[in-house]
Each structure stands twice: as structure tokens, then as C-alpha cells.
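Bear in mind these aren't lab numbers, they're just calculated from the coordinates by the rules spelled out. Quick caveat: nothing in here was measured; it's all calculated off a predicted structure. Because the Cβ atoms are built from the backbone with ideal geometry, glycine has one as well, and the counts that use them run over all protein chains shown.
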Amino acid sequence: MGPVSRSGRVRSEAAGDRWTAVVQLEEGDGAEHRDYAVSLNRRFATEAAARRAGEELLAGWTAGRLVLRDVLLRELAGTYRALRETYKPMQPSTVPATRSAWERAIATWEERHWIDGAAAARCRDHARSAFEADGGPVRRHRISAEADYEPTS
């Protein structure tokens with residue numbers, strides 16, 4: 001496998017009176033190419049703030065400071081946090097830490113109609129990709145009840 005190139009772009013989207021950001025990450029070595037659409041799972045007061053947060057993630061990705069596993073698991077944890085704020089009691093009661101635990105959680109959320117089929121498929125793909133990615137050990141991030149919480153490195 002040759003050198004891997006990384007690139008991407010940031011898309012901001014209106015969400016009521018707030019803004020969200022989706023970062024399209026692209027990775028390839030010429031023969032293989034993968035795309036990942038990663039939502040920051042946060043709402044920002046301004047479009048500029050959403051774009052800035054997305055650009056920070058993209059800069060870390062393209063510079064090689066962020067590994068795919070951490071980016072995807074951070075997004076999945078954000079999905080967990082958003083569902084936990086809406087549905088009580090939450091199933092599972094803690095953030096999953098393994099691929100099989102994520103698969104069970106996603107199946108439960110879909111079964112309970114907490115997420116639709118498209119969201120479930122995206123979550124499954126990201127869980128699969130995260131645990132197949134060569135990224136070393138999984139970094140744990142504490143999840144806060146605050147909506148604007150950002151894990152620190």
C-alpha cells in the first residue's frame with residue numbers, strides 16, 4: 001500500500017435557529033478510496049462557528065493528528081449522547097466500547113424507532129469502519145450532559 005492521501009470538505013447546515021457541521025473525510029492510496037461523512041453532533045449559534053469546528057476536525061484529519069477510529073467513535077458517542085438526552089432510560093446505559101456492543105445498541109435504537117433505517121445503516125458502517133481501522137487503542141472520551149461539550153485530546 002502506497003502513501004495515503006487525506007482530504008475533505010466541510011458543509012454547514014441550518015438546524016432551526018442553530019447550525020450543524022458535517023465533515024466529508026476522504027482517504028485513499030490510489031487503489032483504494034473511502035469517504036466518511038462525519039457529523040459533529042453539536043448545534044452552533046452561528047454558521048461561522050459550525051464551519052470553524054468542522055475545519056478544525058478536517059485540519060487534524062489531513063495533518064494525520066486524528067486517526068479514523070477516534071473520529072468515528074467520537075461521532076458515535078455524540079449520537080449516543082443526543083439519544084440519551086431524549087430517551088430515558090437509555091439503552092444501553094453506558095457508551096458501547098466494542099463493535100458488537102455498538103451493533104447491539106444500534107439495533108436497539110432502530111427497533112425502538114429512536115433512529116431510522118438510514119441513520120442505523122450509517123452508524124453500523126461507522127462502527128464497522130472504526131473497529132477495522134488501524135488506529136491503535138481506543139481513546140475514551142468522557143461524555144457530558146452539556147450539549148456543547150467537546151472532548152479534549
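Tabulated data for the structure shown
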| item | result |
| --- | --- |
| Where a residue in segment 63-92 is charged (D, E, K, R) and its partner, wherever it lies, is in a helix (DSSP H, G or I), with Cβ under 8 Å and at least six apart | Arg69/Ala130; Arg69/Phe131; Glu75/His126 |
| Residue match in segment 72-84 (condition: of a type in the set (D, E, K, R) and touching a Gly at 6+ places or on another chain (Cβ under 8 Å)) | no |
